[in-house]
Structure formats: C-alpha cells, structure tokens
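Colleague: Shown below is the structure under consideration.
What follows is calculated from the coordinates using simple rules that are stated; it is not laboratory data. Note that the structure is predicted; figures quoted are calculated from it, not measured. Using ideal geometry, Cβ is built from the backbone for each residue, glycine included, and neighbour counts are taken over all protein chains shown.
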C-alpha cells in the first residue's frame with residue numbers, strides 16, 4: 001500500500017514543532033561546513049542556509065528508506081512510527097546519510113561563502129542559532145505549525161539585529177522573501193539570493209572565454225515564484241561556461257519531482273526521469289541551482305549524466 005499521507009506529513013510537522021526541523025540534525029552537523037572559514041557571528045547582513053544543503057543527505061537517506069516501505073505491508077506501521085516519533089526522533093534511526101554526500105553538500109556551502117567573500121560582500125553567520133526555514137511543511141500545507149515556526153525564525157533574526165539576509169537556495173529564498181511577509185506583521189528583512197548578489201557585482205565585461213557546455217535546469221521556485229532566471233546565466237557566462245537551454249526552461253521549466261518525494265517516492269522518481277530525458281537530449285553535463293533538484297535528478301540520471309550545483313561550477317577558479 002502507499003505511504004499513509006496524513007501520518008507521513010504528521011511526522012514531519014511534529015518534528016518541526018518539537019525539534020525545529022523536519023529532519024532534526026545535530027547543531028555540529030548543521031554548522032560543520034563553516035569550520036575554518038572564520039565567519040563573523042551574526043551582524044546586520046548574514047548568510048542564511050536555512051539548513052537546506054545540510055539536510056539533503058538526510059532527506060536522500062530517508063527517501064531511500066521510504067521507497068522500501070512504499071507499496072509494502074510495512075506502510076501499515078507508519079502510524080505507529082508517528083506515535084513513537086513524538087517521544088523519540090525516529091528519523092535519527094531511518095536517515096543514515098552517506099558520508100561522501102555530506103562532504104559534497106557541505107562543500108557547496110563553502111563554495112558559496114568563498115564566492116561572496118571574493119566578490120567583496122561582508123556577511124556573518126548565525127551558526128547553531130540558525131533555524132530551518134520550514135519550506136517542506138509549508139509545501140505540504142501544515143499552515144498552523146509553519147506559521148508558528150516562521151515567527152520563531154523571524155524573531156531569531158530580530159534578536160540578532162539582522163537586517164539583510166543572503167539565501168542559498170530557491171525554497172529558502174521564497175520562504176523569507178514572499179511567504180513570511182504574508183504571515184508576519186511588520187516584517188522588514190531584505191532578502192536576496194546569493195546568485196542575485198553575485199550577478200550585480202560582475203564586472204561590466206562580456207562573457208569569459210568558453211569552457212564547458214552545460215544544459216541548465218531552472219528551479220521552478222526561482223523561475224516562477226521569484227523571477228530569478230538571468231542571474232545564474234550571467235554568472236555561468238562570466239565563468240566561461242556556455243549554457244544550453246533544454247525544452248521547457250525559464251518560467252516554463254519542468255518540475256524535478258522533488259515536491260512529491262516525501263509522500264510518493266516512486267512517482268517523484270518517474271517525474272525526475274522525464275526531466276532528465278529532456279536535459280540529456282541537449283547535453284550530458286547539467287547544472288542546477290537547487291539542492292532538491294540536484295539530488296532528485298541525479299537519482300533518476302544515475303551514471304548517465306553528470307549534474308552539478310551551480311556553486312560547483314562557479315567556484316572552479318576560486319582560491320581555497
């Protein structure tokens with residue numbers, strides 16, 4: 001039988017309400033990427049990860065476990081799992097992330113920080129006080145739990161004197177820039193994606209000499225909700241990377257399947273395979289700008305396509 005939708009959503013919502021994240025991870029794991037960077041603590045401008053990149057290895061591990069449960073008799077035990085989860089975090093037992101995946105996704109955050117530093121942007125980081133944005137629970141429609149969490153996130157920024165937030169992924173950008181302001185009276189944070197910040201600081205020169213040719217997969221959230229389409233193309237061109245457009249790009253980009261993964265892992269994989277076929281028709285080298293897109297598309301593509309986060313392309317020439 002399929003995964004029980006209500007109880008699956010309930011586990012994620014309970015985690016956010018009780019543990020401040022859909023998949024709670026230790027603070028040391030969430031902040032590990034920043035070791036050795038000597039980023040200032042807090043400040044008026046902060047880099048906010050929303051924990052999205054850090055959570056992806058755990059989400060991937062959880063999805064793998066869910067895939068084994070889906071359409072099997074074990075799905076009957078999800079309700080019991082929710083009851084236990086209210087007392088003990090069961091995701092800690094089910095989600096065992098691969099170490100190499102953790103290293104790679106931490107490295108993407110390091111790359112983003114290095115890019116901003118190289119561009120002369122001054123920013124801090126909240127370290128263990130940073131909270132998850134609540135994006136997945138919002139997507140799943142648990143409005144009451146999400147609204148309370150959004151207020152806690154905002155109050156954390158206020159308490160720390162933060163005025164400007166630089167985000168690293170489309171879902172977190174959308175939460176803080178478009179969704180939170182609808183829920184929180186007096187919301188006054190200025191929110192921008194790091195791609196926008198970097199693109200504005202590009203020198204007024206033409207594209208760099210050509211390097212790799214890559215097919216671009218636009219994030220639905222960036223393209224349709226936040227109108228962030230050109231910054232990533234400008235940055236790639238400046239890095240000497242030739243961008244090729246697949247069928248269904250820009251505002252008409254095709255979904256990677258990610259939004260359905262927590263409830264319907266197999267359907268999400270089917271959707272990702274459709275998008276991978278479109279991308280592969282153009283190039284076997286691809287670029288994404290959303291960690292959820294990256295992990296879902298790579299799962300469907302397997303070894304037949306090399307997909308990389310845009311930060312991995314942009315940091316090729318950045319000094320360590």
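Colleague: What FRET efficiency, computed as 1/(1 + (r/R0)^6) with R0 = 25 Å and r the Cβ-Cβ distance, is obtained for residue 122 and residue 183, rounded to the nearest 0.05?
Modeller: Calculated transfer efficiency: 0.25.
Colleague: Report the relative contact order of the stretch 203-317, percent, no decimals, based on alpha-carbon pairs under 8 angstrom and at least 6 residues apart.
Modeller: Relative contact order for the stretch 203-317 comes out at 28 percent.
Colleague: For residue 155 and residue 32 in the same chain, what is the full-extension length gain: residue separation times 0.36 nm, less their Cα-Cα distance, in nm?
Modeller: Between residue 155 and residue 32, full extension yields an extra 41.9 nm.
Colleague: Return the distance in nm (one decimal) between the two label points of a simple spin-label model at residue 252 and residue 280, each offset 7 Å from Cα along Cα→Cβ.
Modeller: About 2.4 nm separates the two model spin labels.
Colleague: What distance in nm separates the two pseudo spin-label positions at residue 99 and residue 266, each 7 Å out from Cα along the beta-carbon direction?
Modeller: Inter-label distance under the simple model: 3.4 nm.
Colleague: Can you give me the distance in nm between label points at residue 200 and residue 148, each placed 7 Å from the Cα along the Cα-to-Cβ direction?
Modeller: Result: 3.6 nm between the two label points.
Colleague: Still on this structure: I need 133, 311, 178 ordered by Cβ neighbour count within 10 Å, fewest first.
Modeller: In increasing order of surrounding Cβ atoms, one gets 178, 311, 133.
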